[in-house]
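Taking it in order: structure first as structure tokens, then the write-up.
The values are calculated or read from the model by the stated rules, or taken from the named source; none is laboratory data. Keep in mind it's a predicted model, so treat the numbers as computed, not measured. Here the Cβ positions follow ideal geometry from the backbone for every residue, glycine too, while neighbour counts run over all protein chains shown. With ligands, DNA and RNA removed, areas are computed over all heavy atoms of the protein, side chains included. Shrake-Rupley method; radii C 1.70, N 1.55, O 1.52, S 1.80 Å.
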Amino acid sequence: MGLDYYFYLQRVSDDVWTTPAEFDDPTNREMRGQFMWFDDKDVTAHRLFVRDDSLFSLHRNLPPEFVITELYRASNRSPDMSDADCLDYVNRCFDDHYFGWIGFEELMIDLWSETELLIRKNVPARFASAFGDGSLRFPREALLTLGMPEDDADRLANTWYYANDSGRSLAGYSVVDEPFIRRFGDGPHDQAAVTWKVTIAEFIGEWRMERFLKARKSAADDQLRIICTFS
């Protein structure tokens, strides 16, 4: 079983951070408030949140005003452990249980549907011409015209669907600063490195974008934060 990044939502009220009721289930003894997850090799997680040079890097420290709330009510906790003991344990062993946190206002979600990124990926060299100079939107129709099967074109475009980060896999995707096309031969098994444009909303994918927008309805952006665990 692989490792995953889990995103949990917290909302502040009277200086206390708790799980919004619509994201809590008191009958569930697991950690509360989960609304999103990413595979540990997911390019979208790495390039948006996880890496030190990501667009919205998570703060790698204990969140301000962190107390034992619904988020850590039962998991990894012995029945006789008090809240004070549990909080002390979390402070001492933070890296074992949490990966970081970020405030919703830092995400600037209103811009995700218009802010564009350049995605790089290796493709069979015979399809490189469809990408022009590397500054185009994803050229689905041109790829189909060149003979790429529809399923292959859709998988190539879906950077958010179990897509490996190139930092973790030679077959993965990456985010780059400049468009380019680079061929490594023209034979049937040769490759080309190509780039194309996507918005942040497209990069993270429709279902995850919907989860962020749903979470955002819980309160104003400056009253919400995400806590990320890695397990």
With θ set to phi - 60° and the Karplus curve 6.51 cos²θ - 1.76 cosθ + 1.60, what are the ³J(HN,Hα) couplings of the stretch 145-153 in order, to the nearest whole Hz, using x for Gly and Pro? 4, 7, x, 6, x, 4, 4, 5, 5
Going residue by residue through the stretch 118-130, the Karplus relation 6.51 cos²θ - 1.76 cosθ + 1.60 with θ = phi - 60° gives ³J(HN,Hα) values, rounded to whole Hz and with x marking Gly or Pro, of 9, 9, 10, 7, 7, 10, x, 4, 5, 9, 4, 5, 5
Could you put Y161, Y173 in order of accessible surface area, largest first, with the 1.4 Å probe and the full protein assembly present? Y161, Y173
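Determine the percent antiparallel among the DSSP beta bridges restricted to the stretch 116-204, to the nearest 5. Each step should come with its number before you reach the end.
Details: 15 of 17 bridges.
Percentage antiparallel, nearest 5: 90.
With +1 on each Lys and Arg Cβ and -1 on each Asp and Glu Cβ, how big is the dipole of the chain about its Cα centre, in debye rounded to the nearest 20? Let's see the in-between values first.
Details: 26 positive and 41 negative charges, 129 e Å.
I would put it at about 620 debye.
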Taking R0 as 45 Å and r as the Cβ-Cβ distance between D154 and D14, the FRET efficiency 1/(1 + (r/R0)^6), rounded to the nearest 0.05, comes to 0.40
Report the gain in length on full extension from W37 to L136: 0.36 nm times residue separation, minus Cα-Cα distance, nm rounded to one decimal. 32.7 nm
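Kindly provide the Kirkwood hydrodynamic radius of the chain in Å, to one decimal, from all pairs of distinct alpha carbon atoms. List each step's numbers first, then the result.
Details: mean 1/r = 0.0513 Å⁻¹.
Averaging 1/r across every pair of different Cα atoms and inverting gives 19.5 Å.
Going by accessible area, probe 1.4 Å, with all protein chains left in place, what is the ranking of M81, M36, largest first?
Details: M81 50, M36 0 Å².
From most exposed to least exposed: M81, M36.
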What nm distance separates the two modelled labels at D52 and E106, each placed 7 Å from Cα along Cα→Cβ? 1.6
Can you give me the relative contact order of the stretch 116-204 as a percent, contacts being Cα pairs under 8 Å and 6 or more apart? 52
Out of every Cα-Cα pair in the stretch 99-187, what percent are more than 22 Å apart? 36
On the formula 1/(1 + (r/R0)^6), with r taken between the Cβ atoms of T145 and D190 and R0 of 22 Å, the FRET efficiency rounded to 0.05 is 0.65
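May I ask what percent, to the nearest 5, of DSSP beta bridges between residues of the chain are antiparallel? Before the final figure, lay out each step's value.
Numbers: 36 of 38 bridges.
Around 95 percent of the beta bridges assigned by DSSP in the chain are antiparallel ones.
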